[in-house]
Amino acid sequence: MPTDFVNFRSTAYFSSLICDYLDEKPDLHQFYNRFPHLDNFKEQLEEKAQSTFVSTTQRRVLASVLKKQYAHIDASELTTAHIESLKSEKTFTVTTGHQLNLFTGPLYFLYKIVSTINLAKELKAAYPDHDFVPVYWMATEDHDFEEINYFNFKGKKIHWEKDSQGAVGELSTEGLEAVFKLFSLELGQTKQAEFLKTLFKKAYLEHDNLADATRYLANELFKDYGLVIIDAADAELKTMFIPFIENELLNETSFKAVSKTNEQLSKNYGIQVNPREINIFYLKENLRERIVCENGIYSVVDTNITWTKTAILEEVNKHPERFSPNVIMRPLYQEVILPNLCYIGGGGELAYWLQLKDFFNTVQVPFPILLLRNSVLIKTEKQSDKLEAMGITNQDLFLKRDALINKKVREISNIDIDFTPQKKHLQEQFEALYKLAEQTDKSFLGAVKAQEVKQLKGLGHLEKRLLKAQKNKLAEQVSRMTDLQNDLFPNQGLQERNTNVSEFYLEYGEALIPHLIKNLHPLKSEFVIITL
């Protein structure tokens, strides 16, 4: 199974912020704690161990909550051992988070978790006196149902039609029978297809809500690797976060710190998220809305719920589970309740984490190491053979369609379609005309310049016409190239952001995840191309 790598920057699919972070540009050092080099985890371990937020009591609460959440799950011995080990001061976590996408959503759900599992293994090998637990944090309190209620399968969208309000984790799985029937018809009758049908049925038709369904699904896929899945929408866990909820409500701490960071970061980069004055939602059945404060009165947007300062603090202490952190506060919540060393996420996630360092410093919580998850392009052997026959390299694949076609047409044409030498020769001729105009009448300089621009433009137009003619002449080759790139980059986007795991499971079955475990190296900051 050949594996190749492409630099993230050269793919042109990642922002300048993320590429500069991977290059460890000095201007970005102030926005993160430590870069994810293996040696840097030693200091991160020491810093987290000294934090007051990984006390024996908190560790026991965490382990106890996880045991309750796994009460009706067939956990592996390794996962069970990992949960028990969290009580020990020698155990730390590496964490990734993801929405509750229907049937995993895009492929990068797998890559996030495999990156997390493999990093835990690397850390154990490097620091054998400690234990490292891979954690998948389910985003059960999100309320953007439209982002998660579908997945793509062989160019079709498998969609779950349902009205949704409040946190998606509590959403009833009622109505997924129709999705199951539609999906089953698409899958066929192979052994791999039957596995996928059973997995979907047991996850979504035998569990009452989306959180339980997703926990079952992720556990079935990754339990052999000791993955621990956490649902942080829990009263006992939220109790540990009460001081930070109170601070946020009374002092608008995150707003002040993140706004200051955004001023600095925005000088060179786009801003991923903007903080609100209060970055906490109020959460009840069928409700997750922002909390605002005006004239000393706290209220929940689009409701009649209001409190005085005293009343809302009383509500926080009685019902902390009703206070839900938004995208700004959720990372802090994670780092308060987990003995965590590293967060693994995609480019968009790391972009907003890079806005939070000063906020973490303000509230005196250790800031985790940030690691860009593995990105992967999977090719079949047949596709790989076709690409080789057409002379298309892995680097070529990441070109936009027109750029790829133009490049390959130039390469395979029996005539030279590159007019660069002619343009250079023309410019040299005009240099002589400029000198002549300088010596005779400088008023002619403008006319000479206009003529140069006109003739260069004409050459460019001729070059385009010739290239177009060659494309037509080589239409069959162009069509094959286009079809192949479309297969690997659906809708001109990354495969991992579009294709569902089911397509590849149909092809490779139970060998798929072991292949990924074997070939993804989280600390190697390059885009992975795997031929299966």
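Side notes on the structure shown:
- Counted by neighbouring Cβ atoms within 10 Å, the residues W307, W137 run from fewest to most as W307, W137.
- Amide hydrogen neighbours beyond the local backbone of T499, cut-off 5 Å, H modeled: L107
- Region 270-317 versus region 21-85: alpha-carbon centroid distance in Å: 29 Å
- 5 angstrom amide H check on V133, placed H, neighbours 5+ away: F92, T93, V94
- Per-residue [θ]222 nm for the chain (sum of -39500 (n - 2.57) over DSSP H runs n ≥ 4, rounded to 500): -15000 deg cm²/dmol
- Order of V65, V316, V135, V228 - criterion: other Cβ atoms within 10 Å of each residue's Cβ, fewest first: V65, V316, V135, V228
- Among H425, H130, a tally of other beta-carbon atoms within 10 Å of each Cβ gives an order, fewest to most, of H425, H130.
- Potential extension, D4-V363 segment - 0.36 nm per residue separation minus Cα distance: 125.0 nm
- Remark: spin-label model distance E194-E24 equals 5.3 nm, labels positioned 7 Å along the Cα→Cβ axis.
- Full extension of the chain between E186 and D74 gives 37.4 nm of extra length, using 0.36 nm per residue less the Cα-Cα distance.
No lab work stands behind these numbers, since they all come straight from the coordinates. Just so we're clear, the structure is a prediction, and the values are computed from it rather than from any experiment. Neighbour counts run over all protein chains shown; Cβ positions are idealised from the backbone, glycine included.
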